[in-house]
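The values are calculated or read from the model by the stated rules, or taken from the named source; none is laboratory data. Because the structure is a prediction, the values reported are computed rather than measured. Neighbour counts are summed over all protein chains in view; Cβ atoms, including those assigned to glycine, are modelled from backbone coordinates with ideal geometry. The protein model used for the area step is the full one, side chains on, heavy atoms only, and it has no ligands, DNA or RNA in it. Shrake-Rupley method; radii C 1.70, N 1.55, O 1.52, S 1.80 Å.
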Amino acid sequence: MPGRRSWTRRVRWTVWVLAVTAAGVGLWWMAADADRVGGPIAVVAAADVVLGLAFLVSRDSLDPRSIGRAMSATVAPVVSALLLETLVGFLLFPVTLEDGVEPDRSWFGVVPLVVWLVGGGALLLAMLAHLMVLAPVIRIVLDSPAAVRGDVEARASVLLSLVLVDVVAMAVALALVVDSGSRRRASLLDLLLTVLGVQEPSAGSSDLQLWVARLLVAVFAVLVTMLAVLHRRHPEVDRVWQARR
């Protein structure tokens, strides 16, 4: 529907302008008050989170068959916004000047750090949260009625979405209970031994957290098995998905 697409495009670019403006305000705040860093950084991060979600959330981003197209469509507006935020930050250098104080040219290093590391990182995390949690939950709600009626493609979509949500929950739960010792990251063996009860969980975890982690691992195994069985019985599902990419 051309009218709907045009309206969506206008909304997105309005959000683009507002997000860049908000990020510019955050940078101006940082330039004007060097002692306050947390607030300005939060403003920049929040602006870029909204920016990323505005361009990613779409019908394509809710469909695993079209997620590549949805992600590609966000590259140009997101990168252009970050570049413009960086330029605005550089132009705000005079705001950092104080009478009788030597100019601090490190500002030209701080701006890219805040925009690309903090703002860009927050943007990527928001996109990841959408792809791994929000989109699958919406997909489950939309496809569950058809899946209950026996639609094979809807069942595959629901199962895949459940796997994604469970992976996120399982990763969080395991991170809370697995003790990696002196290493920074726990190995797959640590995860397995902790879930099986062979290795002691981390000191700060409770029995409830451990059993929640075990339950999520079991649910993951069941979901993957169900998805594999469904694809084996109905190989046409893959052909349909590939045809619609």
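List of remarks:
- Each Lys and Arg Cβ is given +1 and each Asp and Glu Cβ -1; about its Cα centre, the chain then shows a dipole of about 1400 debye.
- Acute angle (nearest 10 degrees) that the helix 120-129 long axis makes with the longest principal axis of the chain, alpha-carbon atoms: 20
- The C-alpha atoms of the chain define a longest principal axis, and helix 135-148 lies at about 30 degrees to it.
- Each Lys or Arg adds one and each Asp or Glu takes one away; over the other residues whose Cβ falls under 9 Å from the Cβ of Ala146, this sums to -1.
- Helix axis angle, 207-233 relative to the chain longest principal axis, alpha carbon, degrees: 70
- Take the Cβ atoms of Trp13 and Ala228, set R0 to 30 Å, and the FRET efficiency comes out at 0.10.
- Accessible surface computed residue by residue for the chain, with neighbouring protein chains in place and a 1.4 Å probe, gives 60 Å² per residue.
- Here the accessible area is traced with a 1.4 Å probe on the protein chains. For the chain, carbon and sulfur cover 67 percent of it.
- Top of Arg12, Arg105, Arg139 by mean-square fluctuation, Gaussian network on the chain, Cα under 10 Å: Arg105
- Taking the charge dipole of the chain about its Cα centre, with +1 at Lys and Arg Cβ atoms and -1 at Asp and Glu Cβ atoms, the residue from Val50, Ala171, Trp7 reaching farthest to the positive side is Trp7.
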